[in-house]
1. Read through the list (1) in contact with a helix residue (DSSP H, G or I) (Cβ under 8 Å, 6 or more places away or on another chain); (2) part of a strand (DSSP E or B); (3) within 16 Å of ligand 1 (Cβ to nearest atom), then give the number of the only condition that Ser365 fails.
2. Contact list please: Cβ distance under 9 Å, first residue in region 525-553 and outside the structural domain of Ala471 (by TED's automatic domain parsing), second residue within 16 Å of ligand 1 (Cβ to nearest atom) and assigned to a helix (DSSP H, G or I), pairs at least six apart or on different chains.
3. Considering only helices (runs of 4 or more DSSP H) fully contained in region 420-478, which possess at least 3 residues that are away from ligand 2 (no atom under 16 Å from the Cβ) and surrounded by 19 or more Cβ atoms within 10 Å (Cβ to Cβ)?
4. For region 372-408, give me each residue that is over 24 Å from Ala508 (Cβ atoms) and more than 10 Å from ligand 1 (Cβ to nearest atom).
5. Would you mind telling me which numbered condition in (1) within 16 Å of ligand 2 (Cβ to nearest atom); (2) at pLDDT below 95 Thr398 fails?
6. Of the residues Ile452, Ile414, which single one is assigned by TED's automatic domain parsing to the domain that holds Ile510 and either more than 16 Å from ligand 1 (Cβ to nearest atom) or touching a Pro at 6+ places or on another chain (Cβ under 7 Å) (or both)?
7. On the basis of being within 16 Å of ligand 1 (Cβ to nearest atom) and small (Gly, Ala, Ser), does Ser348 make the cut?
8. Name the residues in region 368-386 that are assigned to a loop (DSSP other than H, G, I, E, B) and over 38 Å from the mean Cα position of the chain (by Cα), would you?
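The values are calculated or read from the model by the stated rules, or taken from the named source; none is laboratory data. Since this is a predicted model, take the numbers as computed values, not measurements. Please note: Cβ atoms are built from the backbone with ideal geometry, for glycine as well, and neighbour counts cover all protein chains shown.
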Amino acid sequence: MFMGMVREKTEKIVGLKAELQWLWHISSVYKKEIFVITLISVISSIFSLSINLCLKYVIDTVTGENKAHVAFYAVVAVVLMLSNIGFSALSSRIRIKIYVRIQNELQLDVYGKIFNAQWESLREYRKGDLINRLNSDVSSIANGAIGWWPNLLSVLTQFVYSFFLIVMNDPTMALIAFISAPFSAFMSRFMIRRMHEHNLRIKELSADMMAYQTDSFGNLQYIKAFGIADVVHRKLKEKQNAFKEENLDYNKVSIVMSTLLKLAGLLVTFVSYAWGIYRLHQGAITYGTMVMFLQITLTLSGSFNALLKVIPTTINLGTSASRIMGIENLPSEDVTPTPQERQFIDESLKTGVDIRCQNVTFSYSDEPNVNILENTSFTIKKGETVAIVGGSGLGKTTFFRLLLGILSCTAGKIELENVNGDIMTANASMRELFAYVPQGNPITEATIAENIRMINPDATDEEIIGVLKMACAYDFVKELPEGIHAHIGENGKGFSEGQIQRIAIARALIKDAPVILFDEVTSALDEETEWRLLENIRTHLHNKTVIFVTHKLNTLQISDKIFKVENRKFQRVHFEVS
Ligand SMILES: Nc1ncnc2c1ncn2[C@@H]1O[C@H](COP(=O)(O)OP(=O)(O)O)[C@@H](O)[C@H]1O
Ligand SMILES: [Mg+2]
């Protein structure tokens, strides 16, 4: 809800291990490509270190007597250097290719999961949060998938190789290189959890800002109308501040961690320099070895720093993983009919169904003690035109959601019976039998024809014009320069509410379903247009079941049955023209 309660939903930390396992699973699809990139990185870091080795030999031969090999080592060094330039280009090319692939595939997958999720399970996710997950989290996972292994393994290779080079030349030096290892391991372990928590919080706050912005743009008109732009502005500033605070806190933790680790690294560097100079002074190592040591110490501290960067990257990756896992684990809806359901649907599409509600009770999961409907039973026969009336917030729209299987009854059941006497429970896979015009502004940003063809891709222009006529929309559509190809902007921009309502009705009619649900669809129509629309419905849809949720008298007049929602029940009432 706009400006309202920002749900303080702190997602559980799944645990870095579980997150990494999930990432492993995701990236195993691309293991060939990731392997190639990793291999290139590893080879290229081996080459880099070997260049140091070559230079050692060059220096040793120059300072010593054996001059014959200078050219050879110099050439090898140059070849290695050139290869690395080539590798870097190649790896960049492969990286971008699989980055985009993973990003697109994962995004599509998550997008699909959102649309297949049970509607109620999505309640805690706001639009902006979902958008953030779909973009920034998916993108950091794609980045992680291409970067994590190559980085880690090339850093480890550097470590092992440099260690090997040092051991071969001076084992004591190698020992020195590791004096800080236990300290670093202890530190990292201690800090990782805290960093993980901060990171998750940062992502949530960023999603919160996105959600807030999306919502406020949707409400531009009323914000202007009430002159509350400054209020909205201030609210964003508060959110930015919360985001800033959290970022600074995270930064503090990570600075403390990396500073301590860097100091440990520095100590190692100093000690090994001192040791190297001492050994050189003793004449125990050559100048070449000393230069190589200096180089390698640099590489070591470089790879050490790279390793430090792996930690926050991994944490960031883990957090994004947990946010995507949250979506992937949402319970999904079963929309595929069983063979029996399929047969039932096929047999009922033309002939229609009776709808029987038996002791239906329903409460939303966030308020399980508040029954919206309670133990209500009634029947709507095929071909009937039915009006549902009753005060706002009594459960009329909820009833439609139950019919469509978007929600399920808490107790009792809704059954559908066809002319053969077959009976099925209304659920998500039965939706094919229903056409639905929801309350509100239910149109997609696209042309009129595209909106209608979303429901029936094979509809001809004539058929589209046919349903537009039936919905009393063709009067204004034919006046548009582009006719049925006129573009409808975001949220129906460019059209009036009543016009959008009629286009939405036409879109439902193109489905040609046996049961049509209209949720307050004539609320913005003038009396005369409404009357013409109802006449059309009565003449063209007389063999369909048409259920109106309405407050309008006209609709009651054309209805065969009227239900009033009262005391959480659907009560049959009779309309008398006074
Ligand atoms: N998604 C939802 N989650 C929780 N409660 C809801 C939800 N949608 C509606 N409600 C509650 O259910 C009741 C009935 O809502 P609804 O069916 O939309 O009423 P109406 O009769 O006006 O169409 C209202 O009190 C509303 O607060
Ligand atoms: Mg409603």
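1. Unmet condition: (2).
2. none
3. On the way: elements: 448-453, 461-470, 474-477.
Of the helices (runs of 4 or more DSSP H) lying wholly inside region 420-478, those with at least 3 residues that are away from ligand 2 (no atom under 16 Å from the Cβ) and surrounded by 19 or more Cβ atoms within 10 Å (Cβ to Cβ) span 448-453, 461-470.
4. Glu374, Asn375, Thr376, Ser377, listed by residue number.
5. Just one mismatch for Thr398, condition (2).
6. Details: Ile414 fails: either more than 16 Å from ligand 1 (Cβ to nearest atom) or touching a Pro at 6+ places or on another chain (Cβ under 7 Å) (or both).
One residue alone meets the criteria, Ile452.
7. Working: within 16 Å of ligand 1 (Cβ to nearest atom): no; small (Gly, Ala, Ser): yes.
In short, no.
8. Taking region 368-386 and keeping what is assigned to a loop (DSSP other than H, G, I, E, B), we get 368-372, 381-384.
Answer for region 368-386, where residues must be assigned to a loop (DSSP other than H, G, I, E, B) and over 38 Å from the mean Cα position of the chain (by Cα): Lys381, Lys382, Gly383, Glu384.
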